[in-house]
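What follows draws every value from the coordinates through simple rules; no lab data is involved. Since this is a predicted model, take the numbers as computed values, not measurements. Note that we place each Cβ from the backbone using ideal geometry, even for glycine, and neighbour counts take in every protein chain shown.
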Amino acid sequence: MDFDALISGLDRHTLDGITRGSIYALVALGYTMVYGVMKLINFAHSEVFMVGTWTVLGVYTVLGATSGMGVGAVIGATVLALLAAMLASAGTALAVERIAYRPLRKKGAPPLIFLITGIGCSLVLVETFGQVLKAFFGPPFGRVTVNVPSVIETKVVFTIPGLDLPVTNTRLLIIIGAIVMMVALDTFVNKSRLGRGVRAVAQDPDTASLMGVNQERVIMLVFVLGGAMAGVAALLFTVQYDITKFDIGFIIGIKAFTAAVLGGIGNLRGALVGGLLLGVVEVYASQIWDSSWTDVTAFIVLVLVLMFRPTGLLGESLGKARA
Amino acid sequence: MSQISDSIRGLQIGNRWDRAPKWVRSVGLLLVIAFAFYLPFLNVLPFAYIRTDLNPTGSDWASVLFLIVVYMIAAVGLNVVIGFAGLLDLGYVGFYALGAYSVALFGSPSSPVVEALQSRFGLSDEWAVPFVMCIPIAIAMSLTAGVILGAPTLRLRGDYLAIVTLGFGEIIRITARNLDNVTGGAAGITQVPVPPGPEVDGRSFFNTIDAERWYWLALVILILIVFLASRLEHSRVGRAWLAIREDEDAAAVMGVAGFKFKLWAFAIGASVGGLAGLLFGSKQQYVEPNAFMLNLSFLFVAMVVIGGSGNIVGVLVGAFLLTYLPERFRELQEWRPFAFGLALVLVMVLRPQGLVPSRRRAAEIEDRRHEAEEAAADA
């Protein structure tokens with residue numbers, strides 16, 4: 001127990017936690033939307049994120065991007081990487097839906113089976129980067145941690161007055177990027193015609209299809225949107241941590257799902273609240289005890305919240321997001 | 001009747017078995033059991049091709065058989081939770097680890113717990129809790145953990161149970177790794193006790209060389225567990241589980257206390273998992289946290305579901321395939337997880353009811369398929 005370390009750097013640790021939590025929140029969106037519409041935990045979503053990080057690495061490698069480029073080149077490379085990661089992640093999510101979930105839906109299989117095919121897909125994707133691609137192309141693929149070039153050089157942009165807390169450009173990018181994406185998605189689901197379809201299916205699939213909503217299309221849309229958000233998260237993750245690895249999605253996926261449940265699964269704003277809260281709690285816990293207890297703390301917080309508020313902090317239901 | 005599908009046709013062997021006279025079934029069962037006991041010595045070609053030690057890099061055949069049976073025990077236990085009661089437990093490895101750690105912590109003379117007891121009560125350095133006493137301790141520990149975990153979470157919706165149990169499995173492993181002064185930390189615990197037995201050739205009866213004795217021991221326990229589980233399935237408790245699985249609200253209306261029976265399933269599954277872990281730890285004579293990674297939980301669930309959840313024979317087949325195949329094709333080392341993932345997706349998409357489905361489950365799925373088709377036709 002070391003509360004001094006926590007208190008003395010409270011502002012710094014909070015910022016750390018918010019950065020980490022922003023990434024959780026973006027990944028959590030994919031879980032929460034799929035769950036809201038299909039009542040299904042998409043176990044392969046963590047790998048959708050992982051594919052995104054590799055895509056960022058691929059784009060940087062093709063462009064020959066490294067640290068220390070001019071401002072224009074940095075922005076260009078980052079935007080390209082962002083778009084490619086979003087595309088690749090959304091494509092992966094869609095492929096998972098097509099291969100692992102749609103045939104089962106047609107057969108009316110029980111929910112447990114979806115979970116198993118999800119785990120199977122997740123394993124296939126992990127091993128594709130850990131083994132299959134290595135067998136064909138060699139490094140950087142394989143079971144090792146790979147460095148992603150830090151294209152954006154970390155610089156202190158401003159210092160929060162009073163707290164004497166320096167804020168770097170990468171942190172700023174992550175937090176602002178995450179919030180912008182979440183607001184965009186929230187607006188899309190609440191305001192647009194397609195978003196209304198998503199909410200309708202989440203509320204009552206049968207009635208929605210009677211009202212002319214194409215359920216299959218909504219499901220595809222949800223996977224694409226969730227995948228794209230995971231792609232954004234992948235870019236932001238590489239910006240902050242400069243690495244990728246074949247099994248990098250696993251822990252982040254579990255944390256993101258925990259965040260989704262914390263905030264109230266199926267609830268988009270809940271994902272943000274849950275993600276940020278989880279990130280901050282984890283960083284605090286790693287200061288009070290040591291970092292090897294981080295994961296335990298995250299799960300204990302989850303169990304406590306579920307015991308006293310089983311629907312999560314903000315309540316569930318994508319359908320009732322804005323009735 | 002024109003639409004008899006593959007899933008129903010696949011049950012014909014089961015039907016013929018059920019219709020056979022009682023003596024045929026008894027003899028058949030005895031033959032299967034006798035064959036299982038003979039397996040370690042199987043040396044007649046072409047049947048011996050199933051052995052895993054045909055080339056020098058292969059794994060010891062009797063040890064593989066032992067592992068298969070231990071996983072079968074775990075799978076039968078998990079089947080009580082998933083197959084009978086319909087609860088998704090993704091942290092089963094936690095109970096398995098608790099069983100292994102109980103026998104290690106209380107039975108090994110060099111474990112921190114035993115050392116603390118030694119110095120507290122002034123016992124000799126060789127003193128430890130005897131193996132036979134470790135069995136009730138292991139079962140009690142995993143059972144208690146099952147109740148402690150189940151009591152708050154079984155009231156929640158099923159999907160949350162998945163994530164909470166997943167967390168539990170990780171918490172057990174991380175705690176075992178981090179609590180150096182209780183569990184030995186990452187280094188683990190050595191000198192885990194073995195079952196008592198007469199000395200043969202100057203070695204104890206259960207030793208690291210004669211793995212077939214471990215296999216026979218595990219087999220006896222497996223037969224016992226399978227017998228108990230199948231009696232349980234057809235008991236009042238088993239019928240209550242079935243009712244809850246099918247429709248919890250309807251069951252509650254009929255006076256079946258959902259929570260109570262779910263907790264029962266959870267506790268029974270947990271204690272069987274603990275027993276399997278105990279066997280594993282004792283055979284290894286060494287317990288360390290990395291043996292209990294989360295992947296093992298997924299493997300256990302996959303055994304139950306691929307085999308045919310709810311059907312004990314199916315679960316045994318699933319556990320056999322998922323343990324045996326990776327060992328048999330050891331030379332493909334690096335490709336095994338990929339093949340495993342691919343197999344999970346393919347088998348489940350093509351045969352959602354599992355390889356050897358429970359009759360009732362197959363009928364349920366068939367029913368739902370028709371409903372899904374009708375709904376699709378309507379739309």
Taking only Cα atoms and a 10 Å spring cutoff, compute GNM fluctuations for chain B and point out the largest among B:LEU123, B:LEU222, B:LEU325. B:LEU123
Charges only on Cβ, +1 for Lys and Arg, -1 for Asp and Glu: so what's the dipole of the range B:61-378 about the Cα centre, in debye to the nearest 20? 400
Quick one: compute the contact order of chain B, relative version, from alpha carbon pairs under 8 angstrom and 6+ residues apart, as a percent. 27
Ranked by GNM mean-square fluctuation in chain A (Cα springs under 10 Å), the top entry among A:ALA230, A:ALA202, A:ALA184 is A:ALA184
Ratio of Rg to Rh for chain A, alpha carbon only, Kirkwood? 0.97
Cα-only Debye scattering, the range A:25-173: base-10 log of I(q)/I(0) at q = 0.13, 0.16, 0.19, 0.21 Å⁻¹: -0.74, -0.97, -1.15, -1.26
Cα centroid distance between the range B:223-247 and the range B:346-379, in Å? 23
Over the protein assembly as shown, volume per residue of the alpha carbon convex hull, in Å³: 195
Do you know the relative contact order of the range A:233-323, to the nearest whole percent, from alpha carbon pairs under 8 angstrom that are 6+ apart? 31
Regarding the range B:61-378, what are the three Cα extents along the principal axes, ordered largest first, in Å? 76, 46, 34
Of B:ARG359, B:ARG330, B:ARG177, which is the most mobile in a GNM of chain B whose springs link Cα atoms less than 10 angstrom apart? B:ARG330
Sorted by Cβ neighbour density within 10 Å, fewest at the top, the residues A:HIS13, B:HIS370, A:HIS45, B:HIS234: B:HIS234, B:HIS370, A:HIS13, A:HIS45
For Cα pairs less than 8 Å apart in space and 6+ apart in sequence, what is the mean separation divided by the residue count of the range B:175-302, i.e. the relative contact order in percent? 36
On a 29 Å Cα-Cα criterion, which of the cross-link pairs A:LYS155/A:LYS245; B:LYS260/B:LYS283; A:LYS39/A:LYS255; B:LYS22/B:LYS260; A:LYS39/A:LYS191; A:LYS255/B:LYS262 come out too long? B:LYS260/B:LYS283; B:LYS22/B:LYS260
At a Cα cut-off below 16 Å, give the aspartates and glutamates reachable from A:LYS106, other chains included and same-chain residues fewer than 8 away excluded. A:GLU97, A:ASP206, A:GLU216, B:GLU364, B:GLU366, B:ASP367, B:GLU371, B:GLU373, B:GLU374, B:ASP378
Would you list, by chain and number, the aspartates and glutamates whose Cα falls below 19 Å from the Cα of A:LYS134, excluding same-chain residues fewer than 8 positions away? A:GLU47, A:ASP247, B:GLU331, B:GLU334
